[in-house]
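Peer 1: Got a structure for you, written out below as structure tokens; questions coming shortly.
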């Protein structure tokens, strides 16, 4: 399900930014060992059960379209995202760190034609990501994307906290006077989302 949100920023030229998270890739490929393949099959089934439970529990659709594989969803979202100025991926793109998942991410993002940012989710702890992969960028405490008349800043909050250093970086970026869009995985509770997040208990707690 694709939703469109219009965010008015004074002084910012209209831009289309694509955003998604939680594709939870659970892949294996020809280079995977038998153990890796068995693990991927097991995790795929587990994630399917989670998706079904969330959909039924929160009154969201769960038909044929929703039951496509994580890879099918991920590739389709990337295809759609080519139409925008930039892509913002808010974590849990991989369900777990594995050689096959990293190979797929590298292959797809190496040919993605637009600027993008991705952060770690609670399934992609930075210390588990080996160097030398495109996802390694997400290990940084913050990343920025300059879009001319606005800035996107991405923070790693995969451990449900924002550090003093990250907060100081945000204040620095805000001091430049341009509108700033923040990309994180664990949502911050606000008046606008308070009711929904409280229904989901500690799934989305963020310690400041």
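Each value in this text was obtained by applying a stated rule to the coordinates, not by laboratory testing. All figures in this text were calculated on a predicted structure; none of them were measured in a lab.
Peer 1: Checking the a/c ratio against 1.5 first, then a/b against b/c, what shape does the Cα gyration tensor give for the range 129-192?
Peer 2: Taking the square roots of the gyration eigenvalues as a ≥ b ≥ c, the range 129-192 is oblate.
Peer 1: Ok, one more. Once every DSSP H run of n ≥ 4 in the chain is given -39500 (n - 2.57) and the sum is divided by its residues, what mean residue ellipticity at 222 nm do you get, rounded to the nearest 500 deg cm²/dmol?
Peer 2: -10000 deg cm²/dmol
Peer 1: What share of the DSSP beta bridges in the range 71-202 is antiparallel, in percent to the nearest 5?
Peer 2: In the range 71-202, approximately 40 percent of DSSP beta bridges are antiparallel ones.
Peer 1: Specify the angular offset, from 0 to 90 degrees and rounded to the nearest 10, of the alpha carbon long axis of helix 99-110 from the longest principal axis of the alpha carbons in the chain.
Peer 2: 50 degrees
Peer 1: Take the Cα pairs of the range 67-120, get the Kirkwood Rh, then feed it into Stokes-Einstein at 10 °C and 1.306 mPa s and tell me D in µm²/s.
Peer 2: 135 µm²/s
Peer 1: Same structure again: Would you kindly calculate the translational diffusion coefficient of the chain, applying Stokes-Einstein with the Kirkwood radius from alpha carbon pairs, for 25 °C and a viscosity of 0.890 mPa s, and quote it in µm² s⁻¹ without decimals?
Peer 2: This corresponds to a translational diffusion coefficient of 134 µm²/s.
Peer 1: A follow-up question, please. In terms of the Cα gyration tensor, with a ≥ b ≥ c the square roots of its eigenvalues, is the range 89-208 rounded because a/c is under 1.5, prolate because a/b exceeds b/c, or oblate?
Peer 2: Taking the square roots of the gyration eigenvalues as a ≥ b ≥ c, the range 89-208 is oblate.
Peer 1: What is the Cα centroid distance between the range 128-165 and the range 33-104, reported in whole angstrom?
Peer 2: First find each Cα centre; the distance between them is then 21 Å.
Peer 1: Starting from the Cα gyration tensor of the range 1-90, take the square roots of the eigenvalues, sort them a ≥ b ≥ c, and report rounded, prolate or oblate (rounded when a/c is under 1.5, otherwise prolate if a/b is larger than b/c, else oblate).
Peer 2: Oblate.
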